[in-house]
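The values are calculated or read from the model by the stated rules, or taken from the named source; none is laboratory data. The structure displayed is predicted, hence computed values, not measured ones. All Cβ positions, even for glycine, are placed from backbone atoms using ideal geometry, and neighbour counts span all protein chains on display.
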Amino acid sequence: MKHILWITLTLLGLHNTALADVSEDAFSRWKLGFNFATQPHFDRAGGVEITTPQLFGEQAAWALHLNYTFRDTASNQEITQFGADRLSVMLEARNSFYKDIASRYVRVGAGYTFISNKAVYNGDGFFSIPIDIGFDVIVADSGWSTQGYTTFFAQISVDAVFLESSKKKIAYETTFDSAALALGFRIYF
């Protein structure tokens, strides 16, 4: 695992001298992130996010995470064109590893998905429980902020979706949305 991580860091242009002053709390800052994702049934997907600094915790840094995800299909698909944008609030647990230049995280929260085409879903939207698992690697000093960093990240996301049920005895049905793989960058300030 260390060899794979070292090769990845080398390919990203990292050098030990450039990261010599990385502190242990490098990942406990405000974070602004952007990503593009791949997800079955959607042609375009991505997101914008902001995360608070560490709120509490010792073994892991717990923070609050706000995310807006956009997803849509193209008009030439067999599936009717529609958008399924999601706004979510999540609690994030994060800890650093590999000399504090990388961190891993898990997020769980609540989300609401807005559907743009009534022919696809007879309602304004639906609730879900989004789950994200991922990691960050510091790739550069942000330059414009003291002790700020820019990171590359990869994550996999899945939603437990609550849809209005067609069955009379059950108010909602739970399904799992197809997993999304996202790649992007975050600015720590």
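Quick check on ASP132: is it more than 20 Å from ALA61 (Cα to Cα), assigned to a strand (DSSP E or B), modelled with pLDDT of 65 or more and among the charged types (D, E, K, R)?
No, not satisfied.
Of the residues that make up the stretch 112-123, is at least one under 17 Å from GLY184 (Cβ atoms) and either at pLDDT below 85 or surrounded by 14 or more Cβ atoms within 10 Å (Cβ to Cβ) (or both)?
The answer is no; no qualifying residue exists.
Have a look at VAL106, VAL161, VAL137 and point out the one that is among the β-branched types (Val, Ile, Thr) and at pLDDT 90 or above.
So the residue among VAL106, VAL161, VAL137 that is among the β-branched types (Val, Ile, Thr) and at pLDDT 90 or above is VAL106.
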